[in-house]
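The block underneath contains the structure these notes are about, expressed in structure tokens.
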Amino acid sequence: MNKEKGGSLEMFWITYKHRPGSLVVRILVLLSAVITVGVLFSLIVYILVNGVVNIEPRLFEWEFNTDNMSMMPAIVSTVYITFLSLLMAVPVGIFSAIYLVEYAKRGSRLVKVIRTTTETLQGIPSIVYGLFGYILFVITLGWSYSLLAGAVTLAIMILPLIIRTTEEALISVPDSYREGSFGLGAGKLRTVFRIILPCAVPGILAGVILAIGRIVGESAALIFTAGTVAQVPGSLFESARTLSVHMYALLSEGLYTEEAYATAVVLLVLVILINALSGFIAKKLATR
């Protein structure tokens, strides 16, 4: 055992003896990984320690009032807004990426402009999207603070992310797949939907998972569009608050800190479950 350990140390010394820069880079990479994992672990532990002890049955009652501070309407509203946003953004994003990769002329100026625009839109703060949605949907179109205004705003916000991730997934599919399909007599449309898209599904789902995470954790854009009414919306034109907005409202009031920590735990668990389910689906599709 000691001999093997000594051999490993000797190989380590031989490897980095004449390349000290590589050793420095390796140490920095390991240190960065440890710091990242440590920060993530600390946040999760902090949320669980402060939130689990405050979870009570009254927080899951269907009707919200000042006595129970129930988060159930926020959970339902979060599911509604996530579903509606994905329903609008995913088809548009996927078909836009298909056009850019499969139909548009490679290297064209139009493709470069669209890619630059989508990359720029990904970096815009969510508060800007919220103000845009407030001016266009809430005021100009007269939707008021509503579930629909919030969902459309979030769909616009996650659209660049879905386009870019889908585009990269399609580009990663080898051209030999396309050439083989064309060689067997398949047309462009059949090749795209029967060969290219199934191969790119794992990458596309990865983008959808990122989009879901951004939707669930968003608060600034929704405060200006969906509002903060703590009730289950009866229609698309009624106001609603998501879990993140609910948690913000509780903390801003300063009287319900314990309930806010409990909401954070539920939000954390919800995100983990969604990511786990999406990852499982992506793995199954990749295996097929």
* To do: Using a 1.4 angstrom probe on heavy atoms only, work out the carbon and sulfur share of the accessible area of the chain in %.
  => 69 percent
* Return the aspartates and glutamates within reach of K284: Cα separation strictly under 18 angstrom, same-chain partners fewer than 8 residues apart disregarded; answer none if there are no such residues. => none
* Structure fact -> The answer for the net charge of residues other than S278 whose Cβ lies under 15 angstrom from its Cβ, with Lys and Arg +1 and Asp and Glu -1, is +3
* Within the chain, which complete DSSP H helices have Cα atoms spanning at least 18 Å along the helix axis and a mean Kyte-Doolittle hydropathy of 0.0 or higher? -> 20-51, 72-98, 147-171, 197-216, 257-287
* If you add up the charges near P73, with Lys and Arg at +1 and Asp and Glu at -1, over every other residue whose beta carbon is less than 10 angstrom from its beta carbon, what do you get? -> -1
* Asked: Just going by the charge dipole of segment 152-208, with Lys and Arg at +1 and Asp and Glu at -1 on Cβ, which of L197, G207, L184 is farthest out on the positive end?
  -> L184
* **Relative packing of peptides 49-56, 74-81, 126-133 - highest average C-beta neighbours within 10 Å first** => 74-81, 126-133, 49-56
* To do: Please build a GNM for the chain, connecting alpha carbons under 10 Å apart, and tell me which residue among A249, A200, A33 fluctuates the most.
  => A33
* To do: Highest first, please rank the peptides 149-157, 271-279 by the mean number of other Cβ atoms sitting within 10 Å of their residues.
  => 149-157, 271-279
* Nearest 20 debye, what's the magnitude of the dipole of segment 124-250 about its Cα centre given +1 on Lys and Arg Cβ and -1 on Asp and Glu Cβ? -> 180 debye
* Report the FRET efficiency, 1/(1 + (r/R0)^6), for V269 and R115, where r is their Cβ-Cβ distance and R0 is 35 Å, rounded to 0.05. => 0.45
* Asked: Please state the relative contact order of the chain as a whole percent: Cα pairs under 8 Å, 6+ residues apart?
  -> 25 percent
* So what's the gap between the Cα centers of segment 116-186 and segment 229-288, to the nearest angstrom? -> 21 Å
* Does anything in segment 112-148 have its amide N under 14 Å from the 7 Å Cα→Cβ label point of I171, and if so which residues? -> 112-120
* To do: Can you find, among G254, V269, L243, the residue farthest towards the positive end of the dipole of segment 220-288? Put +1 on the C-beta of Lys and Arg, -1 on that of Asp and Glu.
  => V269
* To do: Return the single residue from F95, F237, F41 with maximal mean-square fluctuation; model: Gaussian network over the chain, springs between Cα atoms under 10 Å.
  => F41
* To do: With a 1.4 Å probe and every protein chain left in place, work out the accessible area per residue of the chain in Å², rounded to a whole number.
  => 57 Å²
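The values are calculated or read from the model by the stated rules, or taken from the named source; none is laboratory data. Predicted model only: the values in this text are computed from it and were never measured. Here Cβ is always computed from backbone atoms with ideal geometry, including for glycine, and neighbour counts include all displayed protein chains. With ligands, DNA and RNA removed, areas are computed over all heavy atoms of the protein, side chains included. Shrake-Rupley method; radii C 1.70, N 1.55, O 1.52, S 1.80 Å.
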